[in-house]
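Okay, structure first, notes after.
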Amino acid sequence: MAEANINIHVLDEVMERTISSVEQSKEKIFDIAENAHKERNHISLELEALKDEIERVITQTDHLEIKARHARQKLANISRSFRQYSESDIREAYEEASQMQIKLSLSRDKELRLRQRRDELERRHRNILQTIEKSENLISQIGLVLNYLQGDLRKVGIALESAQQQQLLGIQIIQAQEEERKRVARDIHDGPAQSMANVTLRSEIVERMLNQNRIDEAKVELRLLKELTRASLVDVRKIIFDLRPMALDDLGLVPTLRKYLEEYHKRHGIHVKLTLLSPERRLQNSIEVAVFRLIQESLNNTAKHAQAKHVEVRLEFKPNEVHSIVTDDGVGFDQSTKAERPQFGIMGMKERVKLLQGKMLIRSKPGKGTSVLFHIPLRIQEKNNNHSNEQTTP
């Protein structure tokens, strides 16, 4: 028995060193991603300035071509009747044509070099975007590994007592956590992170305008910056509310839904009706959160895509299940044609329902509105555990 304890202790030390190494690798990859974001912003700014310079040089080249053509024509006219002109006139025409040709050649060469620099920057920009995408995917994968190492596997002594059950439970929890983190990361990346990157870029543009004494243009950019910052603040507040409505813990599902539907009506101008098909009651906290999120995502899809005027949310508490139906009078969609309606939100809802061992059904036709039905069990059935027990029973 003592020997087994020593083995577990050694294994725990190995796990600690492994986790520490993985965490350090994650930090290094994060630094790479941050540096890539900064370089992308600088490249974008340089590209914008370079394109402006190319346009200016092209315009200058066009003017020089016209002047060089006129100078050559003038020299040709003098050559055909050179006896009518003095030696100084001939020399002046020749020098003018020669100077115009030199300036034109230099301008064309400059344009070529600028275009080559632009192409090089565009290639670097594409490579940087690929680096950012790869590093963010790698960070997400390392996060999943860390969650697993810090969850079930870190407490090896407990895991060894019931390895099969602990592994199954740990994987389900980690999957749910990772999906939620990916959703939050996507919201932050698509919202505030993009806005902040844009703010950084535009602030550098404003600084350059001020250095060039372009005050009026800088004022216009500053007004756009103010609007962009306000929009980013709205996005941040929305993400904070979406992370965890505080009323859900204090008041429960139904009061929180009522409050959310009031805000939803104010925000989108869509009339929403909440209908209870049974007396309301408090549920397990995780179930209340899940049902709230599913209804919330359904309503978000309605606001984005349905062009609806009215929405009804029906809720029914049964002894072993909670049922929910979200119905709108919007444009509907053809379920057999994926391209006509964004599918990412629907896929996320299906994954959430699947983790809860529930059922989800969507009914929709073009011009007939959409209904989304959820059936969520109040107790997750232990089918997998029972199956494992059957396999290990002699």
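Of L75, L251, which has the most accessible area and how do the rest follow, probe 1.4 Å?
L251, L75
Express in % the proportion of alpha carbon pairs of the range 9-151 at distances exceeding 28 Å.
It works out to 56 percent of all Cα pairs.
Just to verify a number: FRET efficiency for L201 and E27, C-beta to C-beta distance, R0 = 30 Å, to 0.05?
Here the calculated transfer efficiency is 0.70.
Using a 1.4 Å probe and ignoring any ligands, DNA or RNA, find the accessible area of R223 and quote it in Å² to the nearest 10.
Its accessible surface works out to 140 Å², give or take rounding.
Charges only on Cβ, +1 for Lys and Arg, -1 for Asp and Glu: so what's the dipole of the range 88-150 about the Cα centre, in debye to the nearest 20?
Value, rounded to 20: 300 debye.
Where the Cα atoms of the range 77-146 are projected onto their three principal axes, how long is each span, largest first, in whole Å?
Largest to smallest, the principal-axis extents are 91, 16, 6 Å.
Suppose we look only past 25 Å in the calculated P(r) of the range 246-377. What percent of the Cα-Cα pairs does that tail hold?
22
The values are calculated or read from the model by the stated rules, or taken from the named source; none is laboratory data. On a predicted model such as this, the values are computed, not experimentally measured, just so you know. Methodologically, a virtual Cβ is constructed for each residue, glycine included, from the backbone with ideal geometry; neighbour enumeration extends over all protein chains shown. To get the accessible areas, we keep the full protein, side chains included, count just its heavy atoms, and leave off ligands, DNA and RNA. Shrake-Rupley method; radii C 1.70, N 1.55, O 1.52, S 1.80 Å.
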